[in-house]
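In what follows, a structure is listed as structure tokens, so that the remarks can point back to it.
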Amino acid sequence: TIVLELKSVADIGLVGFPNAGKSTLLRAISSAQPKVAEYAFTTISPQLGAVSTDGGISSFVVADIPGLIEGAHENRGLGHNFLRHVERCAAFVYVVDLGAGAGGRPGVRPWIALQTLMAELEAYLPGLSARPAIVVGTKADLPHSSRAAETLRRRTTLPVVMVSAHESRGIQDMLSKADELLHQTQRGKDAYEY
């Protein structure tokens, strides 16, 4: 018996907490139609979307990875089931909710979310968090989002892009940064074995 396991899921993986806006973002940048709802763990398996750039001349595949929680590397939630998909991406877009924890909204502040996500990746597989990445702050249409984005930029060395998928704001900037990210990884072929 021969068992084959797919080792490459996508060029870029969208990594974030539940309800950070990953599925909404995938809908905004591709023709994928992942389920979007107001409850955690709407996405329970990776959703893929093909993203066209340069006026359709080139494209890349983005995976909406199910939401990670603190302790995922210890298999909290469905941690290992979700994390095994992350290791199959050449680069990451860390998706954080700019409005979380502000103005009475529930959730973890974006810079703490980013730190937690990177720590979970690193604890699961050493070196995983060192892969090329950008940070996308979602829900930029909410109050206090600009202030949260400024704080986030001060607390990370990664490029930070603000988007509002509902208003289509920041999407082109994000796609441009994602395309640059892929050029950094040489489409993942030379930089990483995954």
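Just a few scattered comments:
- Other-chain or far-sequence residues with amide H under 5 Å of Met162's (modelled H): Gly137
- In this Cβ point-charge picture (+1 for Lys and Arg, -1 for Asp and Glu), segment 51-181 has a dipole of about 340 debye about its Cα centre.
- Taking amide hydrogens as placed 1.01 Å from N in the peptide plane, the amide H of Val95 sits under 5 Å from those of Val15, Gly16, Val136, each at least 5 positions away in sequence or on another chain.
- Whole-Hz couplings from phi, Karplus 6.51/-1.76/1.60, listed for segment 134-146; x for Gly and Pro: 10, 10, 10, x, 8, 6, 5, 7, 7, x, 6, 5, 5
- Net +/- balance of residues flanking Cys89 in space, Cβ distance below 10 Å, scoring K and R +1, D and E -1: 0
- For Ser59, distant residues with modelled amide H under 5 Å away: Thr53
- Table column - 3J(HN,Hα) (Hz), segment 83-93, Karplus curve with 6.51, -1.76, 1.60, x for Gly and Pro: 5, 5, 6, 4, 5, 9, 10, 6, 8, 10, 10
- Per residue, the solvent-accessible area of segment 98-180 (1.4 Å probe, heavy atoms of protein chains only, all protein chains present) comes to 48 Å².
- Placing dummy labels 7 Å off each Cα toward the beta-carbon, the span from Asp141 to Asp173 is 1.7 nm.
- Model label sites at Gln115 and Glu87, defined 7 Å from Cα along the beta-carbon direction, differ in position by 2.7 nm.
- Most to least packed among 48-56, 176-184 [average Cβ atoms within 10 Å]: 176-184, 48-56
The values are calculated or read from the model by the stated rules, or taken from the named source; none is laboratory data. All of these numbers come straight from a predicted model, not from anything done at the bench. Note that each Cβ is placed from the backbone with ideal geometry, even for glycine, and that neighbours are counted across all protein chains shown. Side chains are part of the model used for accessible areas, which takes the heavy atoms of the whole protein and leaves out ligands, DNA and RNA. Shrake-Rupley method; radii C 1.70, N 1.55, O 1.52, S 1.80 Å.
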